[in-house]
Amino acid sequence: MVSLICDSATKVLYMALVIDDKVKEERYYDDGKNHSVNIVAGIYEMLVKYHIKPLEVDKFICGIGPGSYTGVRMAVTVAKMFGAFSKTKIYQISTLSLMASKQEGKVLCYIDARNGNVFGGVYLNGKALYVDSFLPLVELEKQEHDTVITPDNFKVSPLNVIANATLVLNPDLLVPNYLRDTEAERNLHE
């Protein structure tokens, strides 16, 4: 069983390759603006390194956000391509759940959304105790938690991500979780 995990919703592009429940490789690209350069190249390099053809990937687990509007779409687009052109099963997971996956206890996890706001949630063993929301950081911090995780300090447990991801029955229906309108959409309504 070959599984690829990919999340591009934060300033850190995360990718992992898992073969038969063994984590073969993880990559954290902390370059913010170059996800479009690294996402396909990184996947290609990992597959070549382990002599795997793209059609041999059984599962593609995609972080669907919330997070950067453009960033979220990159991993979702790559996942949709795998699903459209192969028999790869597509799974989705919240980016916040992915970021919290390696921590024990109640994990408050958030991504800066500017102006004192965040995309945030609280997780326990991959399950949302406080569902992903767009809200002021001061409000999120009122939630009971043991640990705080952000794009600056997260580490992923690929096996927990695989266990907590949900199957997408039709890859065409995989959509990013933006949690708010884009700036252009907000300006349109003002």
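Since every read-out is calculated from the coordinates, none of them should be taken as a lab result. Bear in mind the structure is a predicted one, so any value in this text is a computation, not a measurement. Methodologically, a virtual Cβ is constructed for each residue, glycine included, from the backbone with ideal geometry; neighbour enumeration extends over all protein chains shown.
Quick notes
- Around Val23: net Lys/Arg minus Asp/Glu count, Cβ-Cβ under 13 Å: +1
- With the simple spin-label model, which puts each label point 7 Å out from Cα in the Cβ direction, the Asn125 to Asp152 separation comes to 3.1 nm.
- For region 1-82, applying the loop criterion from DSSP together with a ceiling of 10 other beta carbons within 10 Å to the trypsin sites (Lys or Arg not before Pro) yields Lys33.
- Whether region 84-190 is rounded, prolate or oblate, judged on the alpha carbon gyration tensor where a/c under 1.5 counts as rounded: oblate
- Over 25 Å between alpha carbons, listed pairs Lys22/Lys49; Lys33/Lys87; Lys33/Lys142; Lys80/Lys106: Lys33/Lys87; Lys33/Lys142; Lys80/Lys106
- Of the peptides 158-164, 81-87, the order by per-residue mean of other Cβ atoms within 10 Å, starting with the highest, comes out as 158-164, 81-87.
- Crossing angle, helix 69-85 versus the chain [Cα axis fit, 0-90 degrees, rounded to tens]: 30
- Amide N of region 1-34 lying under 18 Å from the label point, which is placed 7 angstrom from the Cα of Thr70 along Cα→Cβ: 7-14, 29-34
- Expressed to the nearest 5 percent, the antiparallel share of DSSP beta bridges inside region 1-133 is 70 percent.
- Neighbour counts of C-beta atoms inside 10 Å place Phe60, Phe134, Phe154 in the sequence Phe134, Phe154, Phe60, starting with the fewest.
- Extension gain, Tyr28 to Ile52, is 6.6 nm, computed as 0.36 nm per intervening residue step minus the present C-alpha separation.
- Compared with the alpha-carbon gap, the fully stretched path from Glu141 to Glu104 is longer by 11.5 nm at 0.36 nm per residue.
- Mean separation of Cα contacts under 8 Å, 6 or more apart, over the residue count of region 1-146: relative contact order %: 19
- Spatial offset of region 40-54 relative to region 120-160 amounts to 31 Å, using the alpha carbon center of each.
- Ordering of 173-180, 64-71 by packing [mean C-beta count within 10 Å, highest first]: 64-71, 173-180
- Cα-based helix-to-principal-axis angle, 35-49 vs the chain, degrees rounded to 10: 30
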